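The values are calculated or read from the model by the stated rules, or taken from the named source; none is laboratory data. Bear in mind that the values here come from a model prediction, so they are computed numbers and not experimental data. For neighbour counting, all protein chains shown are included, and Cβ atoms are generated from backbone atoms with ideal geometry for every residue, glycine included. With ligands, DNA and RNA removed, areas are computed over all heavy atoms of the protein, side chains included. Shrake-Rupley method; radii C 1.70, N 1.55, O 1.52, S 1.80 Å.
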Amino acid sequence: MKYENDHLRAQALLAESLTDSLPADDARWLGAHLRECPACEAVLAAQRDAIHVLKTIPARTPAFLAALTKARVHSRRRQIEESRQRMQLLVISCVLALAWTVASMPIAWELVQWFGVSSPVTANAVWWVAIVWFWAAPALAGAALVFTHREGQSSLFRSAMMRRLGHE
């Protein structure tokens, strides 16, 4: 950009240096100019003083905003904790379902074979009952456990949050 004089260029570069880093050529030029020009050096000093004053002014936060932010931080922390607890329950459920499947497989095989031979029910129906009883039931029980745990935690948290914010 073309400037009418060196002082205008120096002031533009000083303003730019507040928000961005200057290119090396401009920074060298500005440094040399500031060493030669007391007026531009005074502008730089005034900018630094203004920034210092602005940084020392305390920021006042309304009480409701601080309470809302705190409540949201607590909410997120509880969400993370609930997620971790659900994951633990899910892992435990999967391990128990796998153990149940492995332990019950020989028994299930013998029972299905015995029931299929000694009952008038078709073999296909016997296999479906065996699959549901020995393998699907533990998985459904685990899913129900995780779901009921989540719902209970969420409603407890929701009521605590409403009390904290004074909505109940």
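One table, with the values for the structure above:
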quantity	calculated
Most mobile of 80, 107, 51 in a GNM of the chain (Cα contacts under 10 Å)	51
Gained length - residue 4 relative to residue 39, 0.36 nm times residue gap less alpha-carbon distance	10.9 nm
Quarter of the Cα convex hull surface for the chain, i.e. its orientation-mean projected area (nm²)	22.2
Overall Cα dimensions of region 3-44 - principal axes, largest extent first, Å	23, 20, 16
Distant alpha-carbon pairs in region 58-102 (separation over 17 angstrom), percent	57
Coil-residue trypsin sites (Lys or Arg not before Pro) of region 47-128, DSSP, other Cβ within 10 Å capped at 13	60
Any cysteine of the chain lacking a neighbouring Cys Cβ under 4.7 Å - listed by number	94
Percent carbon-and-sulfur accessible area, the chain, ignoring ligands, DNA and RNA, probe 1.4 Å	66
Of 114, 128, 29, the one that fluctuates the most in a GNM where the chain has Cα springs shorter than 10 Å	29
Cβ-Cβ FRET estimate between residue 124 and residue 101, R0 fixed at 25 Å, reported to 0.05	0.75
For region 1-70, convex hull volume per residue from C-alpha positions, Å³	133
Rounded accessible area per residue of region 1-121, 1.4 Å, Å²	78
